[in-house]
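Beneath this line is the structure, given in structure tokens, with notes to follow.
Readers should treat all values here as calculations from the given coordinates under stated rules, not as data from a laboratory. Remember, predicted model here, so these are calculated numbers, not experimental data. Note that we place each Cβ from the backbone using ideal geometry, even for glycine, and neighbour counts take in every protein chain shown.
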Amino acid sequence: MAARVGARWLSLAVLIPSMLGAQGDTGEKTFFRPIDVEWAATFVLGSFAISRLDPAVTKYFQQPTRQRQPVMRETADVFTHVQETTLTIGGLLTYGLARLAGAREVEVTALHATEAIVAASLTSQVIRGPLGRARPKDATPMFEDQYEFHWFNGFRNFEYRAFPSIHASSAFAAATTIVLETHRRSPRSTWYVAPLTYTLAAAPGYSRVYLGQHWTSDIFMGAFIGAFYGARVAEYTHTHPNNRVDRFFLGPRVASGVTVMPEAGGVAITLGKEF
């Protein structure tokens, strides 16, 4: 049952970015759009539906035989450290190294992934602070009451910051940006880049459920938030190439073609290449 639930929200997390990214030629001038309310409402309802299974999935992973299973435990212990801080630092380091090396495509992808990670993380923090949803291991009774909320206590108490999962939102923000940026440059690579990237993105969510830190519905909503920002950042930055963030970190975009400008005593001819 746990595998079926995981497969469902992973499939949705792969589908949603492609649908959002398909809006790339709409010419929209704003980052957020009225339809976003519908997307959010749909996934809130989906999260509520999945929450009915939260205790069963959590108890499945909390069984002593699974908690003592070496591979499951080691995988959870490793991927629980893949969260907003490590991913943001990794994105910035990749951006900096790529900039020094002149690897423009890697530089752009790393910057956009970092933007999506930060946006998804901040949004998740703003949501879970007021909700104050208890983590599975802190619920009363433990691992059973998925509807225990301590309103506005999430900002002050770590144990009441379950919904949504920032681990999931950060991982799926990075994964979605990487997949869409890769698809833009090399569509044929998507068939193997996407499954690998989203599998890795799902691993932090698995670790948090296994460790009793999050309900499955927390992971589901976090994955949507991350996928949303990853898709929207990738789309917006390419339809608005001279936005302020890209101009500051990447420099002004250079148009392709030959430019001829008059100068004193002659003309200046510039050959530009669009990135």
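A compact table of results
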read-out: Other-chain or far-sequence residues with amide H under 5 Å of ARG133's (modelled H); value: HIS150, ALA162, PHE163
read-out: Stretchable slack from TYR147 to GLU105, in nm (0.36 nm times residue separation minus alpha-carbon distance); value: 10.7 nm
read-out: Rh (Kirkwood; distinct C-alpha pairs) - the range 2-240, Å; value: 18.1
read-out: Environment charge of VAL209, counting only residues whose C-beta is closer than 12 Å and scoring Lys/Arg +1, Asp/Glu -1; value: +3
read-out: Dipole magnitude (debye, nearest 20) for the range 2-240, charges at Cβ of Lys, Arg, Asp, Glu; value: 340
read-out: Fully extended contour minus Cα-Cα distance, from ARG68 to ARG188, at 0.36 nm per residue; value: 39.1 nm
read-out: Residue order, fewest to most surrounding Cβ atoms within 10 angstrom, among TRP215, TRP191, TRP39; value: TRP191, TRP39, TRP215
read-out: Sites matching GluC sites (Glu not before Pro) across the range 99-155 that sit in DSSP coil, with at most 11 neighbouring C-beta atoms within 10 Å; value: none
read-out: Table column - 3J(HN,Hα) (Hz), the range 118-126, Karplus curve with 6.51, -1.76, 1.60, x for Gly and Pro; value: 5, 5, 5, 5, 5, 4, 5, 5, 4
read-out: Under the Karplus curve 6.51 cos²θ - 1.76 cosθ + 1.60, θ = phi - 60°, whole-Hz ³J(HN,Hα) for the range 75-89, x wherever Gly or Pro sits; value: 4, 5, 5, 6, 7, 5, 8, 8, 9, 4, 5, 5, 5, 5, 4
read-out: Karplus-derived 3J(HN,Hα), 6.51/-1.76/1.60, for each residue of the range 31-41, Hz, glycine and proline x; value: 6, 8, 9, x, 5, 4, 5, 5, 4, 4, 4
read-out: Environment charge at PHE152 (Cβ cut-off 13 Å; Lys +1, Arg +1, Asp -1, Glu -1); value: +4
read-out: Amide H within-cut-off set for GLN69, under 5 Å, with H built and near neighbours excluded; value: none
read-out: Where trypsin sites (Lys or Arg not before Pro) fall in DSSP loop in the range 82-180, at most 13 other Cβ within 10 Å; value: ARG156
read-out: Neighbour-count ranking [beta-carbon atoms within 10 angstrom, fewest first] of PHE249, PHE220, PHE48, PHE158; value: PHE158, PHE48, PHE249, PHE220
read-out: Sorted by Cβ neighbour density within 10 Å, fewest at the top, the residues ILE178, ILE166, ILE117; value: ILE178, ILE166, ILE117
read-out: Extreme residue, positive dipole direction of the range 141-185, given options HIS167, GLY154, PRO141 (C-beta unit charges); value: HIS167
